[in-house]
Amino acid sequence: MFKINVVIDFVFFTSLQASAQSTGSWNILNLRMDLNKGFSLFGEAQLRSLKYYDDFHYHEFKAGLNYRVHKNLLVSMAAGKYDTYGEGGNFELPKNNAEIRLWPQVLISQEINKLKVENRFRTEMRFTTNGYRNRFRNRFGVAYPLFPKKNLELGVYNELFFTNKEPYFERNRISVNVTYKLNPSNSFMLGFLSQFDYKINDETGKNFIQIGYYHSIVRKK
């Protein structure tokens with residue numbers, strides 16, 4: 001029995017190491033602070049690599065304001081800096097793209113029994129090194145608690161990217177993740193994301209292991 005377990009472990013870690021050569025890392029740090037009367041501020045930093053913590057090629061920094069119109073409706077306005085580097089190393093120059101984005105967003109959510117359903121619409125005004133571009137994103141997702149305490153949640157999301165110029169369709173992105181809510185202020189996320197690009201010339205990469213930390217500054221009532 002011991003030998004069988006050793007063989008299984010060896011095969012598992014060998015396959016994991018091989019897959020890591022073509023699977024990148026996607027790291028997220030998100031901060032949010034509640035304000036008065038439904039308003040909140042947020043900031044987020046992301047760092048991505050084309051291999052598992054190697055060939056770092058992308059980072060972004062963004063911040064914005066949320067307003068909860070209704071318990072099922074959240075609107076946002078944000079801006080950010082997005083940089084994509086060349087492949088073959090860490091932050092290879094020259095950059096493929098350096099970009100400033102301004103984006104309004106609408107998030108519609110609904111709970112059906114234990115299932116959480118959301119639909120997110122975002123319009124991006126993109127000031128890139130290749131000129132001004134528009135992009136429209138629609139993400140649909142569902143989340144379900146894995147245990148009665150509801151502090152561990154499984155989420156599945158699919159997002160489509162469109163433009164108002166040919167080829168119109170740019171990208172399809174699907175992700176599966178597990179989020180652990182340590183307390184009302186701190187959450188951790190582990191997931192896998194895969195995307196298909198069609199004639200896109202900015203951030204690249206196909207498969208990513210996602211790791212995220214989310215911290216909320218909650219106002220005492």
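What follows is calculated from the coordinates using simple rules that are stated; it is not laboratory data. None of the values given here were measured: they were computed from a predicted structure. When we count neighbours, we look across all protein chains shown, and the Cβ atoms used for this are built from the backbone with ideal geometry, even at glycine.
Each other residue within a Cβ distance under 12 Å of residue 150 adds +1 if Lys or Arg and -1 if Asp or Glu, for a net charge of +2.
Sorting 76, 185 from the fewest to the most surrounding beta carbons within 10 angstrom yields 185, 76.
Across region 37-50, rounded Karplus estimates of 3J(HN,Hα) from the backbone phi angles (6.51 cos²θ - 1.76 cosθ + 1.60, θ = phi - 60°) give 6, x, 8, 8, 9, 9, x, 8, 10, 10, 9, 10, 9, 7 Hz, Gly and Pro being marked x.
Using a Förster distance of 35 angstrom, determine the FRET efficiency expected from the C-beta separation of residue 117 and residue 54, and round it to 0.05. Given R0 = 35 Å and the Cβ-Cβ separation, E is 0.40.
Taking other C-beta atoms within 10 Å as the exposure proxy, 59, 215 rank 215, 59 from fewest upward. Fully extending the segment from residue 188 to residue 90 would add 32.7 nm, taking 0.36 nm per residue of separation and subtracting the current Cα-Cα distance.
If you sort the three axes of the alpha carbon gyration tensor as a ≥ b ≥ c, you get a/c of 1.5 or more for the chain and a/b no higher than b/c, which makes it oblate. Couplings 3J(HN,Hα) of region 134-146, computed from phi: 9, 8, 10, 10, 10, 10, 10, x, 10, 9, 9, x, 8 Hz, in residue order, whole Hz [Karplus 6.51 cos²θ - 1.76 cosθ + 1.60, θ = phi - 60°; x for Gly and Pro].
Relative contact order for the chain: 16 percent, from Cα pairs under 8 Å spaced at least 6 residues apart, divided by residue count.
Considering only 47, 73, 193, the residue lying farthest towards the positive end of the dipole of region 2-217 is 73, judged by Cα position with unit charges set on Cβ. Measuring r between the beta carbons of residue 142 and residue 169 and using R0 = 22 Å, the FRET efficiency lands at 0.45.
Spin-label pair residue 154-residue 37: with each label point 7 Å from Cα along the Cα-Cβ axis, the two points sit 4.3 nm from one another.
Applying a threshold of 31 Å to the alpha-carbon distances of 62/181; 114/165; 95/116; 62/150; 71/149; 37/149 flags 114/165; 95/116 as lying beyond it. Stretched out straight at 0.36 nm per residue, the stretch from residue 97 to residue 198 would grow longer than its current Cα-Cα span by 34.7 nm.
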